[in-house]
Amino acid sequence: MSERKPTPEQRAAIDAAGRILVSASAGSGKTFVMIEKIISLILSGRAQAQSVLAVTFTNLAAEEMKERLKKALVARINEESDASRRRFLKDQLFSVNTADICTLHSFCSNVIRRHFYRIDADGNFRVAEEAESDKLKARALDLLFENSLEEGDADFALLSRAFAG
């Protein structure tokens, strides 16, 4: 384990059997708990790095998780005296780069890319950049307003009266 000591609640999440969902407020130690849980699973032989799925919302958080996991593995490698165990841990360290420790968007994109043919999707799709996405949303809203005005939609007219200046 790392030098930091988990709280009783964090310890319960780290030691919980099976799959877990870690959901807590910012700064509460979610990343710490997730890394300690992953390390615990790897050290006990119940998981390997490439079998881990850990999703978060930002690229920064995903990279931080990978870096913390690497540091924790390096620390365990340096502490280990058994050659075969060191080799195992080094293999795990190498596998961190290919583990599914990523953003939710990245994970979903990868699933779609792997299985696009099952859902009749275009395998060459891409995720829009934020500026492009904003333009597409604005265009969709403009089209909605235009169509609603042209069709004389009663609900839209009511909404317009409620919010019009």
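The values are calculated or read from the model by the stated rules, or taken from the named source; none is laboratory data. Keep in mind it's a predicted model, so treat the numbers as computed, not measured. So basically every Cβ, Gly included, is an ideal-geometry build from the backbone, and we count neighbours across all protein chains shown. Note: areas computed on protein heavy atoms with side chains; ligands, DNA, RNA excluded. Shrake-Rupley method; radii C 1.70, N 1.55, O 1.52, S 1.80 Å.
Quick notes on this one:
- Filtered by the rule that a residue be modelled with pLDDT of 80 or more, open to solvent by less than 100 Å² (accessible area, probe 1.4 Å) and part of a loop (DSSP other than H, G, I, E, B), the stretch 1-13 gives 6, 7.
- Taking residues in the stretch 89-118 that are touching a residue at least 12 places away in the same chain (Cβ under 8 Å) and farther than 21 Å from residue 30 by Cα, and partners anywhere that are among the polar types (S, T, N, Q) and part of a helix (DSSP H, G or I), the pairs with Cβ atoms closer than 7 Å and at least 6 places apart or on different chains are 95/50; 98/50.
- Among all positions in the stretch 14-30, there is no residue which is open to solvent by less than 80 Å² (accessible area, probe 1.4 Å) and under 18 Å from residue 74 (Cα atoms).
- Neighbours by Cβ (under 7 Å, 6+ apart or cross-chain): first from the stretch 32-51, on the phi > 0 side of the Ramachandran plot; second surrounded by 22 or more Cβ atoms within 10 Å (Cβ to Cβ): none
- Answer residue from the stretch 126-165, given it is in contact with a helix residue (DSSP H, G or I) (Cβ under 7 Å, 6 or more places away or on another chain) and either closer than 30 Å to residue 53 by Cα or surrounded by fewer than 10 Cβ atoms within 10 Å (Cβ to Cβ) (or both) and is modelled with the highest pLDDT among those: 128
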